[in-house]
Amino acid sequence: MHSRRRLLRRLPPLGGAAVLALLLAAPRAASPAAQRQGPRFPNVLVVTIDTLRADRLSGYGYHRATTPNLDAFMATGVRFTQARTVEPLTNPAICSLFTSLHPHEHGATRNGLAMRPGLPSAAAALRRRGYRSAAVVGNWTLKDRISGLAAHFDAYHELFTRKRWFGVFKGEATAADLTDAALDWLAGHQREHRRPFLLWVHYVEPHAPYRLQEGFAGQLGMAVGGEPPRADRYDSEIAFADHHVGRLLAAVERDPALAGNTIVLFTADHGESLGEHGVWGHGRQLFDTTLRIPLAIAWPGRIRAGVIDAQALNLDIAPTLLGLAGLPVPASFRGFDWSGVLQGAAPPRGRVTWFQAHKGAVLSAQEVKGGARRRGLLEVALLSGTRKEILRLDGARRWLFDLARDPAERRSQAGSATRVSLELERWMAQVQQGLVASDRQMPIELDPESVEKLRALGYAE
């Protein structure tokens, strides 16, 4: 039953390169469970929340009631406890989510760099099968002209109507704006179309500058008045986003035509460092504070509620959605199709996962001329079981952690040794080769407005 489902370990070509090429040549068959679903494809709703680390959700054990609506949703489906993003930066992570490719493969390694045109994606595959698709985004880094994402959707709604960043400029949208736009699109679709849909909504909060959402202070047990700590403001932004995501989920649940035939997937693009390792923010380090993300998927009557503790990646989302819909998975996808596991099969064992970190955004003409992708690589990492190895290219600094004994990554076991494992060395070489190829093949053109917005959002070089 499961012989056609495979776990791809993306490594540089070794002795078995010819065998790997044969495996990549043909698309994977849809899971038998998905094939029995009936004549109509399921709707797909993908909800992503920016800068949301898993351990700040009450459904993941956080002591504050930050996410009552998402907690209720996750209780109806499968929640992954060990999900990570392959790069902790918005544009690269989202492009990886839909294309199931690593950033050095799709080319959007930094904010402001568009991914390669014409790549297979989950959104494009669903469109070919008759889905009507739409995206609703409010983060400037996902703007089509600097991400290339719109080509994968029928409609790409960019909401840049609010001044979140200290009132400086209109560069984002609030969770309220985004849910309103998503509900409007959903109502129009249900009224005018009979085709299945793919709807993706990306929420901006709790991205910095972590505004205090005073209406949720009581829910979180915060004192009102004064200037609360940044971490408290971050929590209030999560609660604000949860409230408005809850409105969207409730609308789906209330509609009988949607409730029984809609796959809902919830995740984040990346996490956030809140002072750990002396760092605030995300994008430049590969500690788990920025890699770990929440991930949950529900399909009433088709997916039994539960928890999966095995390692998962945002690369897995695209093949899993297609597998659940009964559609073939493109051969180029690197992620694992969890649809069989969601129907009762055993999770994969011995998986090795790979990560990379780059500079935040391309903001100078000099860097563009010198190879913005190649020059932007900062760190690479691998995770095998509970063994996590990180290498920072600048200064060749190396960390080695046992996440079972040290989940907060406080005590590196690398000591003074700088010798990198052969596996990580090969991964670094492969990433660098991909970056060089992308720099040669994909010219970079950033307009002055985008440069200004990215700089103001805090994405320094």
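The values are calculated or read from the model by the stated rules, or taken from the named source; none is laboratory data. In this text the structure is predicted, and so the values were computed from the model without any measurement. Because the Cβ atoms are built from the backbone with ideal geometry, glycine has one as well, and the counts that use them run over all protein chains shown. The area values use the complete protein model at the heavy-atom level, side chains included, leaving out ligands, DNA and RNA. Shrake-Rupley method; radii C 1.70, N 1.55, O 1.52, S 1.80 Å.
Among all residue pairs at least 6 apart or on different chains, which show Cβ distances below 6 Å where the first residue, located in segment 57-74, is under 18 Å from Ile308 (Cα atoms) and the second is small (Gly, Ala, Ser) and crowded, with 23+ Cβ neighbours inside 10 Å?
If the second residue must be small (Gly, Ala, Ser) and crowded, with 23+ Cβ neighbours inside 10 Å, the pairs left are Tyr60/Ala54; Met74/Ala296.
Going by the structure shown, is His157 under 21 Å from Leu142 (Cα atoms) and surrounded by fewer than 20 Cβ atoms within 10 Å (Cβ to Cβ)? Quick ask: steps written out before the conclusion?
Values: under 21 Å from Leu142 (Cα atoms): yes; surrounded by fewer than 20 Cβ atoms within 10 Å (Cβ to Cβ): yes.
Spelling it out, His157 is indeed under 21 Å from Leu142 (Cα atoms) and surrounded by fewer than 20 Cβ atoms within 10 Å (Cβ to Cβ).
Assess whether Asp269 counts as being under 21 Å from the mean Cα position of the chain (by Cα) and of a type in the set (Asp, Glu).
yes
If I filter segment 252-276 down to residues being in contact with a helix residue (DSSP H, G or I) (Cβ under 6 Å, 6 or more places away or on another chain) and under 15 Å from Gln190 (Cβ atoms), which single residue comes out as surrounded by the fewest Cβ atoms within 10 Å (Cβ to Cβ)?
Taking the candidates together, the pick is Ala259.
Restricting attention to segment 277-286, which residues are in contact (Cβ under 8 Å) with a residue 24 or more places away in the chain and either of a type in the set (Ser, Thr, Tyr) or open to solvent by 20 Å² or more (accessible area, probe 1.4 Å) (or both)?
Filtering segment 277-286 down to residues in contact (Cβ under 8 Å) with a residue 24 or more places away in the chain leaves 277, 280-286.
Those that are in contact (Cβ under 8 Å) with a residue 24 or more places away in the chain and either of a type in the set (Ser, Thr, Tyr) or open to solvent by 20 Å² or more (accessible area, probe 1.4 Å) (or both): His277, Trp280, His282, Arg284, Gln285.
Is at least one residue of segment 246-257 of a type in the set (D, E, K, R) and not in a helix (DSSP H, G or I)? Give the steps one after another, and end with the answer.
If we filter segment 246-257 for residues that are of a type in the set (D, E, K, R), which is where we start, we get 247, 253-255.
With the extra rule that they be not in a helix (DSSP H, G or I), the set shrinks to 255.
Yes: one or more hits.
Looking at (1) in contact with a Cys (Cβ under 9 Å, 6 or more places away or on another chain); (2) more than 17 Å from His282 (Cβ to Cβ); (3) not acidic (Asp, Glu), find the lone condition where Gly118 falls short.
Condition (1) is where Gly118 drops out.
I'd like the residue in segment 336-345 that is surrounded by fewer than 24 Cβ atoms within 10 Å (Cβ to Cβ) and either without any contact (Cβ under 8 Å) to a residue 60 or more places away in the chain or not aliphatic (A, V, I, L, M) (or both) and, out of all such residues, is nearest to Arg127 (Cα to Cα).
Filtering first and then ranking leaves Gly340.
In segment 311-326, which residue that is part of a helix (DSSP H, G or I) and among the polar types (S, T, N, Q) is surrounded by the most Cβ atoms within 10 Å (Cβ to Cβ)?
At the first step, the residues of segment 311-326 found to be part of a helix (DSSP H, G or I) are 314-324.
With among the polar types (S, T, N, Q) added as a condition, the list becomes 314, 320.
Details: Asn314: 25, Thr320: 27.
Taking the candidates together, the pick is Thr320.
For the subset of segment 171-208 comprising residues that are at pLDDT below 90 and open to solvent by 20 Å² or more (accessible area, probe 1.4 Å), which member is nearest to the chain's Cα centre (by Cα)? If you could, list the steps in order and put the result at the bottom.
So in segment 171-208, the residues at pLDDT below 90 come out as 171-173, 192-194, 207-208.
Retained after the next criterion (residues that are open to solvent by 20 Å² or more (accessible area, probe 1.4 Å)): 192-194, 208.
Values: Glu192: 31, His193: 29, Arg194: 29, Ala208: 18 Å.
Per the criteria, the residue is Ala208.
Could you give me the residue pairs with C-beta distances under 8 Å whose first residue belongs to segment 214-237 and is under 11 Å from Ala65 (Cβ atoms), whose second residue is in a loop (DSSP other than H, G, I, E, B) and open to solvent by 20 Å² or more (accessible area, probe 1.4 Å) wherever it lies, and which are 6+ apart or on separate chains?
That search, which allows pairs on different chains as well, returns Gly218/Val224; Gln219/Ala65; Leu220/Arg64; Leu220/Ala65; Gly221/Arg64; Asp235/Arg64; Asp235/Met222.
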